[in-house]
Amino acid sequence: MTRFTGKTVIVTGAGSGMGAAITRRFHDEGANVVVVGRTEEKLREATSGFDQDRVAIHVGDVADAAVGTGAVALAVDRFGALDVLVNNAATAMIGDIEATALDDFDRIIATNVRGYVAMAKAAMPALRATRGSIVMTSSASGRGGDWGMFAYNVSKGAVDNMVRALALDAGKYGVRVNAVSPSVTDTPMAAAIKEDDRLGKFLNRIPMGRIGQPDDVAKVVLFLASEDAGFVSGVMIPVDGGLSASNGQPNLRS
């Protein structure tokens, strides 16, 4: 498909995992892509083999507001406009509230919340001009709590309500705001889960019997960014193999 030919997209956290898959999908459907991340080598690897006339690399930490303004300026200067922002960069840590140092909590919020706000704030004038859209990467952890993931749960809960609030305010300008909410996905962030018995526990709860792949998420991101979702705003779509269909009670037949 070529749904995004001539469109320009910014993807944060584009160097690996879901961000790399999202970037690849947009590129393959004709978009100009501005990739944002902290490591230039990873960004170059993720965009290797792309049409380099449709790629721009912007290195930096999204928690720094200057990175957002710089990425938007690059998109507009290089490609003439901005049509889609994908807020995907994220980080996580294990620990309940007592085990979570405030400095670590601040670090999680800086990337997962402040970074999303800073990018959206920088992009909004350009998106108003194109009646574009924002897609956030939230999480199943934004819809409900996890044991021992206090800071991450707080951050992803904030992302869900950020999506709702932005959708309300931006709708009058024709700008749509949505999110995908994956469960465990086969990315570097989830690598440790695959190395111990936690993977089996996840599989016992996922009706489709497997964990997600980055491309599973990318396909839904592109749907939300496309005209196919032109009257969809303010929603978080689970990409979780049916995990969220459960009310939380155990499967007594397994």
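Put simply, of 99, 123, 118, 90 the only residue that is assigned to a loop (DSSP other than H, G, I, E, B), under 27 Å from residue 170 (Cβ atoms) and out of contact with any Pro (no Cβ under 6 Å at 6 or more places or on another chain) is 90.
Residues checked against (1) out of contact with any strand residue (DSSP E or B) (no Cβ under 6 Å at 6 or more places or on another chain); (2) in contact (Cβ under 8 Å) with a residue 24 or more places away in the chain; (3) closer than 17 Å to residue 180 by Cβ; (4) surrounded by 24 or more Cβ atoms within 10 Å (Cβ to Cβ):
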residue	(1), (2), (3), (4)
2	yes, yes, no, no
6	yes, yes, no, no
18	yes, yes, yes, yes
26	no, yes, yes, yes
36	no, yes, no, yes
53	yes, no, no, no
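Checked against (1) under 17 Å from the mean Cα position of the chain (by Cα); (2) of a type outside the set (Val, Ile, Thr); (3) over 20 Å from residue 181 (Cβ atoms), residue 105 passes all but condition (1). When the criteria are applied in full, residue 129 meets the requirement of being aliphatic (A, V, I, L, M) and more than 17 Å from the chain's Cα centre (by Cα).
Scanning the stretch 30-58 for residues that are of a type in the set (Ser, Thr, Tyr) and either under 15 Å from residue 13 (Cβ atoms) or in a helix (DSSP H, G or I) (or both) returns 39, 47.
Where in the stretch 127-209 are there helices (runs of 4 or more DSSP H), lying wholly inside it, with at least 1 residues that are at pLDDT 95 or above and surrounded by 21 or more Cβ atoms within 10 Å (Cβ to Cβ)?
Fully inside the stretch 127-209 and qualifying: 150-170.
The values are calculated or read from the model by the stated rules, or taken from the named source; none is laboratory data. None of these values were measured; they are calculated from a predicted model. Here the Cβ is made from the backbone with ideal geometry for all residues, glycine too, and neighbour counts use every protein chain on show.
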